[in-house]
Amino acid sequence: DAGITQSPRHKVTETGTPVTLRCHQTENHRYMYWYRQDPGHGLRLIHYSYGVKDTDKGEVSDGYSVSRSKTEDFLLTLESATSSQTSVYFCAISGGALETQYFGPGTRLLVL
Amino acid sequence: DQQVKQNSPSLSVQEGRISILNCDYTNSMFDYFLWYKKYPAEGPTFLISISSIKDKNEDGRFTVFLNKSAKHLSLHIVPSQPGDSAVYFCAAPLSGGYNKLIFGAGTRLAVHP
């Protein structure tokens, strides 16, 4: 299994509070991604990174920001959590633009 | 606009029989497709892929068929086993590089003994 961990694995928070999710990899892969999974939508890309300090938006980026200061860590921040951001969040890594993406175990977030 | 569609939310199959999971796409620029499998409380895992220059790719019990003219692909599992019970997602990389994937909504497969 690819060395990907996500923390926390579960979180309950209140509307309006900031939340940061962490993805950590031990594979030294260049590409990292954040997806959210919701019923009826599959997985949707939030943000991605193609190198340290190189990030860009995905298809559902509103309300989210990311940072990547080290190769191994990719942080996803919900600046002011809303109930619509209740979801399961997955991090993925890839060694190259044509290589398989490997997913972390997910973080289940509930915004009350 | 769903560029990758899985119109069957669920499928139930008896052990030993064939499972056929379907996926349709709208973007004719897609040139590579992937299937991921997901168990509850775990992340998706890569299962099998196919390039648009092929119409079939086989890996053990899993075969993916691609019909470009119909913009349709299917995943066949033969014979189906109870351990195959999971959610299956088809996906395709968006143009522009960086391996950004767009996923279908998924099909939940239940294989009964």
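Nothing in this text is a laboratory measurement; each read-out follows from the coordinates by a stated rule. No experiment lies behind these values; they were computed from the predicted model shown. In this analysis, Cβ positions are derived from the backbone assuming ideal geometry, glycine residues included, and neighbour counts consider all displayed protein chains.
Within the range B:84-104, the only residue that satisfies the criterion of being closer than 17 Å to B:Ala41 by Cα and either facing chain A (nearest Cβ under 8 Å) or without any contact (Cβ under 8 Å) to a residue 24 or more places away in the chain (or both) is B:Phe89.
When B:Leu66 is tested against the conditions (1) in contact with an Asp or Glu (Cβ under 6 Å, 6 or more places away or on another chain); (2) closer than 30 Å to A:Cys23 by Cα, the lone failure is (2). Scanning the range B:6-26 for residues that are surrounded by fewer than 18 Cβ atoms within 10 Å (Cβ to Cβ), assigned to a strand (DSSP E or B) and among the small types (Gly, Ala, Ser) turns up B:Ser10, B:Ser12.
Take A:Tyr102 and decide whether it is surrounded by 21 or more Cβ atoms within 10 Å (Cβ to Cβ), among the aromatic types (Phe, Trp, Tyr) and within 14 Å of chain B (Cβ to nearest Cβ). Spelling it out, A:Tyr102 is indeed surrounded by 21 or more Cβ atoms within 10 Å (Cβ to Cβ), among the aromatic types (Phe, Trp, Tyr) and within 14 Å of chain B (Cβ to nearest Cβ). Against the test of being away from chain A (no Cβ under 12 Å), part of a loop (DSSP other than H, G, I, E, B) and buried (at least 18 other Cβ atoms within 10 Å of the Cβ), the options B:Ser80, B:Ser69 yield a single qualifying residue, B:Ser80. Within the range B:27-60, the set of residues being in contact with a strand residue (DSSP E or B) (Cβ under 6 Å, 6 or more places away or on another chain), part of a loop (DSSP other than H, G, I, E, B) and not small (Gly, Ala, Ser) comprises B:Phe30, B:Tyr39, B:Pro44, B:Asp55. The residue that is farthest from B:Leu101 (Cα to Cα), counting only those in the range B:41-53 that are without any contact (Cβ under 8 Å) to a residue 24 or more places away in the chain and within 11 Å of another protein chain (Cβ to nearest Cβ), is B:Ala41. Answer yes or no as to whether B:Cys23 is farther than 30 Å from A:Ser7 by Cα, within 12 Å of another protein chain (Cβ to nearest Cβ) and touching a strand residue (DSSP E or B) at 6+ places or on another chain (Cβ under 8 Å). Against the criterion (farther than 30 Å from A:Ser7 by Cα, within 12 Å of another protein chain (Cβ to nearest Cβ) and touching a strand residue (DSSP E or B) at 6+ places or on another chain (Cβ under 8 Å)), B:Cys23 qualifies.
For A:Asp73, are the conditions met, namely being at negative phi and surrounded by fewer than 14 Cβ atoms within 10 Å (Cβ to Cβ)? No, not satisfied.
Here B:Lys56 clears all of (1) surrounded by fewer than 15 Cβ atoms within 10 Å (Cβ to Cβ); (2) basic (Lys, Arg); (3) within 14 Å of chain A (Cβ to nearest Cβ) except the condition numbered (3). Checking each residue of the range A:2-12 against the condition of being aliphatic (A, V, I, L, M), assigned to a loop (DSSP other than H, G, I, E, B) and either more than 14 Å from every other protein chain (Cβ to nearest Cβ) or touching a Phe, Trp or Tyr at 6+ places or on another chain (Cβ under 9 Å) (or both) gives at least one match.
Only residues that are closer than 13 Å to A:Thr20 by Cα, in a strand (DSSP E or B), without any contact (Cβ under 8 Å) to a residue 24 or more places away in the chain and out of contact with any Ser or Thr (no Cβ under 6 Å at 6 or more places or on another chain) were counted in the range A:56-112, giving 1. Criterion first (within 14 Å of chain A (Cβ to nearest Cβ), closer than 25 Å to A:Asp38 by Cα and in contact with a strand residue (DSSP E or B) (Cβ under 9 Å, 6 or more places away or on another chain)) does B:Leu109 satisfy it? Judged against the criteria, B:Leu109 is not a match.
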